[in-house]
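Asker: I am attaching a structure below and will ask some questions about it afterwards.
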Amino acid sequence: MYEAAVNKKAEEIVTSLKKNKSDFVKRYGNDDAESVMYATANKVAQEETEEETWIDEYELKDGSLIEIDEEMMSILDEVYESLSEDHQDQFDVLFSENRETNTSLLEWVRSVK
């Protein structure tokens with residue numbers, strides 16, 4: 001998945017770089033211009049993909065989907081780990097039940113952090 005994202009982004013970057021191909025030819029010569037463009041695009045795409053925040057998608061028991069980003073997942077983990085085992089069980093039920101209970105739980109977690 002990560003490689004596919006990098007490759008797709010690199011192709012988009014190469015397409016935009018081709019508009020300035022003459023600059024690459026001036027700097028690197030006709031033989032090397034295209035390979036330098038691809039190398040540049042791959043490097044930029046990899047850096048941009050690494051910087052992007054990941055988002056996980058969860059299906060709740062009612063069939064609805066929710067998305068949770070890296071920052072929120074970190075907060076959820078921290079709060080979850082601080083709970084007793086019984087409260088962790090309750091947390092699991094509230095998290096996965098439906099959109100309403102999940103939203104309420106997420107709001108509560110945000111308020112305690």
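Asker: Scanning for something of a type in the set (Ser, Thr, Tyr) and part of a helix (DSSP H, G or I), does the range 82-92 turn up at least one residue?
Answerer: Within the range 82-92 (the criterion being of a type in the set (Ser, Thr, Tyr) and part of a helix (DSSP H, G or I)), the answer is yes, since at least one residue qualifies.
Asker: Give me the residue from the range 49-108 that is more than 14 Å from the chain's Cα centre (by Cα) and small (Gly, Ala, Ser) and, out of that set, nearest to LYS8 (Cα to Cα).
Answerer: Among residues in the range 49-108 that are more than 14 Å from the chain's Cα centre (by Cα) and small (Gly, Ala, Ser), the one nearest to LYS8 (Cα to Cα) is SER64.
Asker: Just checking, how many residues over the range 46-65 are in contact with a Lys or Arg (Cβ under 7 Å, 6 or more places away or on another chain), without any contact (Cβ under 8 Å) to a residue 40 or more places away in the chain and not charged (D, E, K, R)?
Answerer: 1
Asker: Quick check: is even one residue across the range 20-30 surrounded by 10 or more Cβ atoms within 10 Å (Cβ to Cβ), in the same structural domain as TRP108 (by TED's automatic domain parsing), assigned to a helix (DSSP H, G or I) and modelled with pLDDT under 90?
Answerer: No, the conditions are met nowhere in the range 20-30.
The values are calculated or read from the model by the stated rules, or taken from the named source; none is laboratory data. Since we're looking at a predicted model, the values are computed, not measured. We place every Cβ from the backbone using ideal geometry, glycine too, and count neighbours over all the protein chains shown.
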